[in-house]
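Q: This is the structure I want to talk about, given as structure tokens.
Each value in this text was obtained by applying a stated rule to the coordinates, not by laboratory testing. The structure displayed is predicted, hence computed values, not measured ones. Cβ atoms come from the backbone with ideal geometry, glycine included; neighbour counts cover every protein chain shown.
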Amino acid sequence: MNQKGYTLIELLIVILIMAIMSSILIPSFTSKVKYSDVKLNAELVRGSLVNAQVMALANSSERIKQMCLPGSATANADYVYVDYLPPSDTTQYFSVQIKVGGPDLPPSNSCSIENPKQLSSNLKLDGPARVFFKTGTGEIQFLPADSLTEATVVISAKTGNLTPVNVTVNKATGQIRVE
């Protein structure tokens with residue numbers, strides 16, 4: 001008798017092989033997705049830093065004051081800086097915002113020149129609290145640890161064993177890079 005089709009044992013073996021392969025591939029895929037999320041958010045931080053640097057170099061203090069969003073405090077427009085806002089009671093994410101103010105002034109005396117950009121909720125940020133760019137010259141200052149020649153914002157996932165992504169600002173050259 002000539003049989004067509006597969007036996008139950010053959011089907012079970014194929015299903016077992018597929019289950020083993022998926023158990024190997026799914027964790028690798030999810031870690032790649034998490035790393036791409038960290039990398040994407042690092043590029044967002046770098047973009048904000050570059051935008052602040054360009055605004056500081058291209059504009060006068062008076063012109064930058066005019067960029068302040070309505071409702072913002074009027075500030076000393078000698079510096080454009082990037083502020084990292086930590087998660088709060090109402091938000092579960094970090095955000096990045098370009099502001100105007102000075103390193104010697106409290107944040108309440110600064111004005112916002114863009115709305116906060118939300119970063120992913122599963123990130124940790126470590127590094128300088130603020131990076132300042134002097135209006136007109138682009139001279140860079142870090143807060144705290146202003147004596148550093150280079151400052152790095154380390155962006156990593158809250159969970160998992162992923163390699164963190166570094167956004168480095170070089171004080172001497174003004175270069176901002178993602179590593």
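Q: With θ set to phi - 60°, apply the Karplus curve 6.51 cos²θ - 1.76 cosθ + 1.60 along region 36-41 and write out the HN-Hα couplings as whole Hz, x wherever there is a Gly or Pro.
A: 5, 5, 5, 5, 4, 5
Q: For the chain, calculate the relative contact order in percent as a whole number, restricting contacts to Cα pairs under 8 Å that are 6 or more residues apart.
A: Contact order relative to length: 20 percent.
Q: How many lysine pairs are close in region 29-178, with Cα atoms under 28 Å apart and the two 8 or more places apart or on different chains?
A: Step by step, the pairs that qualify in region 29-178 add up to 28.
Q: Taking every eigenvalue of the Cα gyration tensor of the chain, multiplying by 5 and rooting it, what semi-axes result, largest first, whole Å?
A: Gyration-tensor ellipsoid for the chain: 49, 16, 14 Å.
Q: Separate question: Any idea what the dipole of the chain comes to, in debye rounded to 20, about its Cα centre with Lys/Arg Cβ at +1 and Asp/Glu Cβ at -1?
A: Charge dipole, the chain, about its Cα centre: 400 debye, nearest 20.
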